[in-house]
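Right, I'll just put the structure down here and ask away after.
The values are calculated or read from the model by the stated rules, or taken from the named source; none is laboratory data. In this text, all values refer to a predicted model and were calculated from it rather than measured experimentally. Here Cβ is always computed from backbone atoms with ideal geometry, including for glycine, and neighbour counts include all displayed protein chains. For the accessible areas, the whole protein counts, side chains as well, though only heavy atoms, and no ligand, DNA or RNA atoms are used. Shrake-Rupley method; radii C 1.70, N 1.55, O 1.52, S 1.80 Å.
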Amino acid sequence: MFGRGADSRFKWVLWLSATAALLCLVVAFVHVRSDAAWSVGQPARQPIPFSHAVHAGGLELDCRFCHASVERSAAAGMPTAETCLGCHARVWAVKSQFAPLTTALALNTPVPWASVSRLPDHVRFHHGAHLRVGVGCQTCHGAVEEMPRTVKAETLSMGWCVACHTQAATERAGESPLLPASSAWRTITHQGIEIPALTRCSTCHR
Ligand code: HEC
Ligand code: HEC
Ligand code: HEC
Ligand code: HEC
Ligand code: HEC
């Protein structure tokens with residue numbers, strides 16, 4: 001049963017499986033760090049095939065027309081059925097396509113838009129704070145006004161957030177284009193160690 005070739009064949013099998021395992025690890029590592037793993041560039045299934053390219057691009061509607069609380073609040077806010085029907089009761093009233101709007105209006109519920117940007121519940125984010133220091137929508141969401149279907153443009157991963165916070169914090173408050181002198185996000189000293197407030201865990205985590 002175990003002939004003379006068995007030993008070298010066994011060695012071959014060992015080598016092959018070790019190489020295959022290593023290859024799997026490399027592929028997994030590259031995938032986890034890739035944009036695809038963060039769903040960058042992939043649209044979500046929406047109740048209505050809404051196009052930013054048509055409305056924010058072609059018709060040049062202001063972002064705040066539909067995302068009204070973006071400058072003041074944590075959440076940007078989503079358009080209600082009334083916002084859309086203000087125009088679509090008259091122009092382009094394709095009844096079947098707009099059924100989710102009339103349903104939302106009748107039941108007095110929000111339109112069930114799907115999200116491509118949602119962060120996990122343990123993360124804190126605030127739109128108003130970023131707009132106040134002049135970070136534009138496109139820095140985080142890409143050229144939305146050119147998108148026929150809305151996709152995620154950046155990973156929105158922790159590493160991505162922290163990269164900008166670190167940069168803003170190392171340039172001193174008042175000198176950084178991102179941190180005005182009035183900013184509360186100065187370096188704090190804890191037990192003799194200087195910690196930039198913007199990169200502390202508790203800034204972004206509840
Ligand atoms: C006419 C209304 C309207 C205007 C104007 C508008 N949006 Fe939107 N926006 C929507 C709707 C509806 C959705 C949900 C459907 C979708 O994602 O395509 C959405 C979704 C989004 C999302 C994804 C939200 C998520 O949860 O992932 C981003 C980001 C966004 N809009 C940014 C912008 C920016 C930036 C502008 C200005 C350049 C803008 N929007 C202008 C209606 C609008
Ligand atoms: C200021 C008026 C206005 C508002 C507000 C508006 N629309 Fe439109 N919408 C239009 C016009 C005009 C067109 C036709 C554009 C064209 O044919 O080039 C259109 C086209 C569309 C289309 C089909 C065209 C396509 O290629 O995607 C859909 C679907 C649509 N709108 C959904 C919505 C939804 C959902 C909302 C609310 C979030 C909304 N619209 C808000 C004016 C508006
Ligand atoms: C510093 C990065 C950043 C900037 C700047 C930014 N966003 Fe966002 N946006 C996010 C993140 C992160 C989320 C997901 C938030 C969550 O899940 O708590 C988000 C979510 C959204 C959503 C989903 C719904 C909601 O209520 O939050 C919309 C719509 C949106 N952004 C629109 C905008 C618009 C319009 C602008 C510019 C006026 C803008 N954003 C600027 C990072 C940003
Ligand atoms: C392009 C740079 C940039 C990016 C990207 C960015 N931030 Fe910020 N963020 C800032 C700056 C600058 C401030 C300080 C604003 C101030 O001085 O009021 C800030 C403030 C904050 C605050 C404090 C808000 C408050 O006042 O309570 C939180 C929380 C926060 N960011 C979370 C995030 C998260 C989570 C992400 C990633 C999804 C992110 N940020 C991405 C630049 C950025
Ligand atoms: C600038 C904002 C920011 C700061 C500062 C920050 N985080 Fe995060 N963190 C995030 C975001 C955003 C995510 C969610 C990424 C995702 O999964 O979508 C996250 C996810 C996590 C997770 C979950 C990991 C996972 O894979 O889901 C842990 C654990 C975590 N952070 C720990 C920390 C610790 C510890 C610190 C302090 C050293 C810290 N964070 C500082 C933004 C931040």
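Looking only at residues that are among the small types (Gly, Ala, Ser) and touching a Pro at 6+ places or on another chain (Cβ under 9 Å) in the stretch 95-112, which one is least open to solvent (accessible area, probe 1.4 Å)?
So the first thing to find is which residues in the stretch 95-112 are among the small types (Gly, Ala, Ser), and the list is 96, 99, 104, 106.
If we keep only those that are touching a Pro at 6+ places or on another chain (Cβ under 9 Å) too, we end up with 99, 104.
On the way: 99: 41, 104: 6 Å².
Of everything passing the filter in the stretch 95-112, 104 is least open to solvent (accessible area, probe 1.4 Å).
State which residue is nearest to ligand 5 (Cβ to nearest atom) when the search covers only the stretch 131-156 and only residues that are surrounded by 15 or more Cβ atoms within 10 Å (Cβ to Cβ) and small (Gly, Ala, Ser).
153
Determine which member of the set 99, 169, 104 is touching a helix residue (DSSP H, G or I) at 6+ places or on another chain (Cβ under 6 Å), without any contact (Cβ under 8 Å) to a residue 60 or more places away in the chain and within 16 Å of ligand 2 (Cβ to nearest atom).
Details: 99 fails: touching a helix residue (DSSP H, G or I) at 6+ places or on another chain (Cβ under 6 Å); 169 fails: within 16 Å of ligand 2 (Cβ to nearest atom).
Just one listed residue meets the conditions, 104.
Among (1) near ligand 1 (Cβ under 8 Å from one of its atoms); (2) surrounded by 13 or more Cβ atoms within 10 Å (Cβ to Cβ); (3) at pLDDT 95 or above; (4) not β-branched (Val, Ile, Thr), there is one condition residue 53 misses while meeting the rest; what is its number?
Of everything listed in (1) near ligand 1 (Cβ under 8 Å from one of its atoms); (2) surrounded by 13 or more Cβ atoms within 10 Å (Cβ to Cβ); (3) at pLDDT 95 or above; (4) not β-branched (Val, Ile, Thr), residue 53 misses just condition (1).
Here is a follow-up. Among the residues of the stretch 135-165, write down those that are within 9 Å of ligand 3 (Cβ to nearest atom) and on the phi > 0 side of the Ramachandran plot.
Answer for the stretch 135-165, where residues must be within 9 Å of ligand 3 (Cβ to nearest atom) and on the phi > 0 side of the Ramachandran plot: just 156.
Can you tell me which residue is least open to solvent (accessible area, probe 1.4 Å) among those in the stretch 165-178 that are part of a helix (DSSP H, G or I) and at pLDDT below 80? Give the steps one after another, and end with the answer.
Within the stretch 165-178, the first condition is being part of a helix (DSSP H, G or I), and the residues that meet it are 165-170.
Those still in the list that are at pLDDT below 80 too: 169-170.
Numbers: 169: 18, 170: 103 Å².
The extreme case among them is 169.
Continuing with the same structure: Would you check which residues across the stretch 119-133 are more than 16 Å from ligand 1 (Cβ to nearest atom) and modelled with pLDDT under 95 and list them? Please lay out each step first, then the result.
Quick first cut of the stretch 119-133, residues more than 16 Å from ligand 1 (Cβ to nearest atom) only: 122, 124, 129, 132-133.
Listed by number, the residues that qualify are 129, 132, 133.
I need the full set of residues from the stretch 56-94 which are open to solvent by 70 Å² or more (accessible area, probe 1.4 Å), assigned to a helix (DSSP H, G or I) and modelled with pLDDT of 95 or more, in order please.
Answer for the stretch 56-94, where residues must be open to solvent by 70 Å² or more (accessible area, probe 1.4 Å), assigned to a helix (DSSP H, G or I) and modelled with pLDDT of 95 or more: 64, 65.
Condition first: surrounded by 12 or more Cβ atoms within 10 Å (Cβ to Cβ) and within 11 Å of ligand 5 (Cβ to nearest atom). Now tell me which residues in the stretch 116-125 satisfy that. Reasoning before the result, please.
Initially, the stretch 116-125 is screened for residues surrounded by 12 or more Cβ atoms within 10 Å (Cβ to Cβ), giving 116-117, 119, 123-125.
Passing the criteria: 117, 119, 123, 124, 125.
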